[in-house]
Structures are given as structure tokens and as C-alpha cells.
1. Would you mind finding the one in 60, 153 that is at pLDDT 90 or above and surrounded by 15 or more Cβ atoms within 10 Å (Cβ to Cβ)?
2. Only one of these is crowded, with 20+ Cβ neighbours inside 10 Å, at pLDDT below 90 and in contact with a strand residue (DSSP E or B) (Cβ under 6 Å, 6 or more places away or on another chain): 122, 148. Name it.
Amino acid sequence: MTDKILIIIPAYNEEESIAGIIKEVLALNLSVSVLVIDDGSTDNTTSVAKDLGVDVISLPINLGIGGAVQTGYKFAQKNGFDIAVQVDGDGQHDVTYLNALLEPIIKEEADMAIGSRFIPPYLGYQSSFIRRIGINFFAYLISFLTEYKVTDPTSGFRAVNKTLIDVFADYYPADYPEPEAIVVAGRVKSRIQEVPVEMRARKTGNSSIRYLKTLYYMIKVTFAIVMEKFK
């Protein structure tokens, strides 16, 4: 049986980058469906995506990355998809690594596959120095609290199987969710595997985690991970 695969692309005001991402996915000629979640954008993200013939859900308000991604998982669950893949709408994820990301899921070797920019042989763009401090901190925290030894816990480039589609459709962390989602997956004894990928620097727009928000991000996610672990 051929797996039914959904590519979930959450996007907020990404009209300058969303077309390029969709075209890159379609150019791979994979048997996948593409769903853009327009998270309350005030620009033309929805119309740009629709013009390329992919499915679009336009949220009436900005829910944040967690709410947008969970919307994608609810769609995947409702429409019977076997695998869901998260791809950021800002162009940082190189979708030429989709096959590598999907392989451990299709082979049933993992329930979640995470694209890591810190595993050789691919060591391209690795984010700013400050962000790498945060990434390493969460990697150590998750490794300490769980059985998982991850190198790139903040990577949003990840694929999951049907079991985790159901889990994340029911609950997905709301604010800066990627590290916490690993702990959620661990709660249901998921097998997690990292796959080496290359990331790209953002070409347009601004990250939601800047300046004083970095401190909030660190505190909030640390608290959420610890609370999730001991639920």
C-alpha cells in the first residue's frame, strides 16, 4: 500500500517566500498533497498559495505556530493521511531532503523523523550564535528528562506517522512548540530519529523570536518541557 502523505506548511505573512516553497515541493514530483495554513496573514499569502493549486486553510485570526500546525494535523487526521511532514513557510527548510526525512517513517523505523542541521555530513547554515546556545540548552534538557538524545530540538522540519498525527491533532503545544512536541511524542513511547539535512538562512520577513522575546522563549519552553514531562 502506498502511504498517503501530507506536507503541512504553516505561514504568516509569507507572500514573498511561500510560492518558492510550494514550487520546490511540487518540482520533486513526489506523491504528496500540500496544505498551506495561512495563520491570519494580512498580506497575500493565501492568494499566492491558491494560485499554485494547493489546498489552503485561512485562519481568521493569528493562532501562532502551534495552532497553525495543529490545524494541519487535524486536516491530516480527518482526511486519512498516513504521514504528515512539517515544512516552515519562511524558506529555511530545504525540501530536497524530503525523501531522506520520509524514509525512516515509511520503513516504520521511527514514528517521528526530525531534520537536524547539526549532523554530518551536512553542516551548512546553523542559525545565529545566540540561537545555537538555546538549541544546545534544549537538546541537553530533553536528553536529561527523556531517553531521547536529540541535536536539533527546535527544528520544525519533521515527519510523523499516523499514530502521532492522531496525538498532535488532539494536542499540539501552542507557543514555540518544537521542543515540547518531542516530549509529547515521548509520552506515548514514540521512536524518534534525526536525519541530517541542510537549512537555509531566511531570505525575507523576520523571525518571531528576537531580542527580549528570546528570554521569554527560553523560560516558557523550559517550563513547558518540564511540565509536559511530569504530566
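The values are calculated or read from the model by the stated rules, or taken from the named source; none is laboratory data. This one's a predicted model, so the numbers in the text were calculated from it and none came from an experiment. A quick note on method: Cβ atoms are made from the backbone with ideal geometry, for glycine too, and the neighbour counts reach across all protein chains shown.
1. Values: 60 fails: surrounded by 15 or more Cβ atoms within 10 Å (Cβ to Cβ).
Only one candidate passes the filter, namely 153.
2. Sole residue among the options that is crowded, with 20+ Cβ neighbours inside 10 Å, at pLDDT below 90 and in contact with a strand residue (DSSP E or B) (Cβ under 6 Å, 6 or more places away or on another chain): 148.
Here is a yes/no grid of residues against (1) of a type in the set (A, V, I, L, M); (2) touching a helix residue (DSSP H, G or I) at 6+ places or on another chain (Cβ under 6 Å):
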| position | (1), (2) |
| --- | --- |
| 85 | yes, no |
| 120 | no, no |
| 140 | no, no |
| 156 | no, yes |
